[in-house]
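Enquirer: Have a look at this one before I ask anything.
The values are calculated or read from the model by the stated rules, or taken from the named source; none is laboratory data. The model shown is predicted, which means the values in this text are computed figures rather than measured ones. Cβ atoms come from the backbone with ideal geometry, glycine included; neighbour counts cover every protein chain shown. Remember, those area values only see protein heavy atoms, side chains included, never the ligands or the DNA or RNA. Shrake-Rupley method; radii C 1.70, N 1.55, O 1.52, S 1.80 Å.
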Amino acid sequence: MTKQATADAMQEAALLAKALPYMQRYENRTIVVKYGGHAMGDPALGKAFARDIALLKQSGVNPVVVHGGGPQIGAMLDKMGIQSEFRGGLRVTDRKTVEIVEMVLAGSINKEIVALINAEGEWAIGLCGKDGNMVFAEKAHKTMRDPDSNIEKIVDLGFVGEPVEVDRTLLDLLAKSEMIPVIAPVAPGRDGETYNINADTFAGAIAGALHAERLLFLTDVPGVLDRSGALIDQLTVDEAKGLIADGTISGGMIPKVETCIESLQRGVKGVVIVNGKVPHAVLLELFTEHGAGTLITH
């Protein structure tokens, strides 16, 4: 063995020694990872993400993947000549659009992620909320303030839903079978309709039902930043609410943090906002001392 090879081996051993205590912390625990649409754009990052999920399983962790796909849905709607309309940051989803949403989310994107994980030597299986009656949804009711009259009005978003029931039976069976669920945020309603659900909300509902040790939101930002632009490593729920109130947390980060808080209220032990564009962000967050994003806990 050359000197360089020996040095590399020693470095790998040192890294493994540092990671082992964290690996033991999460052994036999459930980790839900929300894989965002914008974090999916790079094939190299997609392969690194799949490798992370496979390594979690090989380390004795029970990973569950929930994925979005907004940019991919938008691209397919454009290709089909269907105009997208957004209200309050949510896509208005008519019957024709929800068919495309289901095709893209539960079809092409879902199977691509499954194939990537399987290529890393693990067994992944693609699902959506319809499978095994895992999730039932109800039509979402969004209120918006009219800029002219300043009156709040209920906006009809079509077939956009909120998860109201989660049955973990199928997920428990898959965990015992050593399989990794990859879940698209599409679910049926008791009214027989199909609903498109915000992936963050869907992941929070799944993680809450599983009493997950961690819920990781992979996004395109490092996490929650303070007023100087520095990353905040850890927040309590009360601290996060305070930062929203004083304007430190603003814009699109507000609904993200609010979803984190709702997930904690559902039974998740810790929620992390982490930059999914950093290679191996999942492993960096779970298996290193300082993590890679902002951890929010009770």
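Enquirer: Can you name the residue in region 258-280 that is more than 13 Å from the chain's Cα centre (by Cα) and small (Gly, Ala, Ser) and, of all such residues, is modelled with the lowest pLDDT?
Expert: Among those residues, the one meeting the criterion is Gly267.
Enquirer: Take the conditions open to solvent by 30 Å² or more (accessible area, probe 1.4 Å), touching an Asp or Glu at 6+ places or on another chain (Cβ under 6 Å) and more than 17 Å from Glu102 (Cβ to Cβ) and apply them to Thr169. Does it pass?
Expert: No.
Enquirer: Of these, Pro188, Pro222, Pro163, which one is out of contact with any Gly (no Cβ under 6 Å at 6 or more places or on another chain), at pLDDT below 95 and not in a helix (DSSP H, G or I)?
Expert: Among Pro188, Pro222, Pro163, only Pro222 is out of contact with any Gly (no Cβ under 6 Å at 6 or more places or on another chain), at pLDDT below 95 and not in a helix (DSSP H, G or I).
Enquirer: On to the next question. Within region 225-237, is even one residue of a type in the set (Val, Ile, Thr) and under 18 Å from the mean Cα position of the chain (by Cα)?
Expert: no
Enquirer: While we're on this one: Take the conditions in contact with a helix residue (DSSP H, G or I) (Cβ under 6 Å, 6 or more places away or on another chain) and crowded, with 20+ Cβ neighbours inside 10 Å and apply them to Ala207. Does it pass?
Expert: For Ala207, the condition - in contact with a helix residue (DSSP H, G or I) (Cβ under 6 Å, 6 or more places away or on another chain) and crowded, with 20+ Cβ neighbours inside 10 Å - is met.
Enquirer: Continuing with this model, one more query. How many residues, within region 235-252, are surrounded by fewer than 15 Cβ atoms within 10 Å (Cβ to Cβ) and not in a helix (DSSP H, G or I)?
Expert: Qualifying residue count, region 235-252: 6.
Enquirer: OK, next. For region 210-223, give me each residue that is surrounded by 15 or more Cβ atoms within 10 Å (Cβ to Cβ) and closer than 22 Å to Leu45 by Cα.
Expert: Correct list: Arg214, Leu215, Leu216, Phe217, Leu218, Thr219, Val221, Pro222, Gly223.
Enquirer: Looking at region 278-298 only, could you name the residues that are surrounded by fewer than 17 Cβ atoms within 10 Å (Cβ to Cβ) and either closer than 22 Å to Gly41 by Cβ or aliphatic (A, V, I, L, M) (or both)?
Expert: Listed by number, the residues that qualify are Pro279, His280.
Enquirer: Right, here's the next one. Which one is most open to solvent (accessible area, probe 1.4 Å) among residues in region 26-58 that are free of Cβ contacts under 8 Å to residues at least 40 places away in the same chain and under 20 Å from Leu210 (Cα atoms)?
Expert: Asn28
Enquirer: Taking only region 253-265 into account, find how many residues are touching a strand residue (DSSP E or B) at 6+ places or on another chain (Cβ under 9 Å) and either open to solvent by 40 Å² or more (accessible area, probe 1.4 Å) or of a type outside the set (A, V, I, L, M) (or both).
Expert: So the answer is 4.
Enquirer: Hey, Gln83 hits all of (1) part of a loop (DSSP other than H, G, I, E, B); (2) closer than 25 Å to Lys269 by Cβ but one; which does it fall short on?
Expert: Failing condition for Gln83: (2).
Enquirer: Continuing with this model, one more query. Residues Asn198, Asn118, Asn110: which one is open to solvent by 30 Å² or more (accessible area, probe 1.4 Å) and farther than 21 Å from Ser263 by Cβ?
Expert: Sole residue among the options that is open to solvent by 30 Å² or more (accessible area, probe 1.4 Å) and farther than 21 Å from Ser263 by Cβ: Asn118.
Enquirer: Hey, another quick one. Go through the residues of region 75-88 one by one and say whether even a single one is under 22 Å from Thr259 (Cα atoms) and among the basic types (Lys, Arg).
Expert: So far as region 75-88 goes, yes, one or more of its residues are under 22 Å from Thr259 (Cα atoms) and among the basic types (Lys, Arg).
Enquirer: Right, here's the next one. Return the total of residues in region 127-139 being touching a helix residue (DSSP H, G or I) at 6+ places or on another chain (Cβ under 7 Å) and surrounded by fewer than 21 Cβ atoms within 10 Å (Cβ to Cβ).
Expert: Residues meeting the conditions: 2.
Enquirer: For Ile154, all conditions in the list (1) at pLDDT 95 or above; (2) over 30 Å from Gly60 (Cα atoms); (3) of a type in the set (Val, Ile, Thr); (4) out of contact with any Asp or Glu (no Cβ under 7 Å at 6 or more places or on another chain) hold save one; what is the number of the exception?
Expert: For Ile154, the failing item is (1).
Enquirer: Could you list all residues from region 62-103 that are open to solvent by less than 30 Å² (accessible area, probe 1.4 Å) and without any contact (Cβ under 8 Å) to a residue 60 or more places away in the chain?
Expert: Correct list: Ile73, Gly74, Leu77, Ile82, Ile100.
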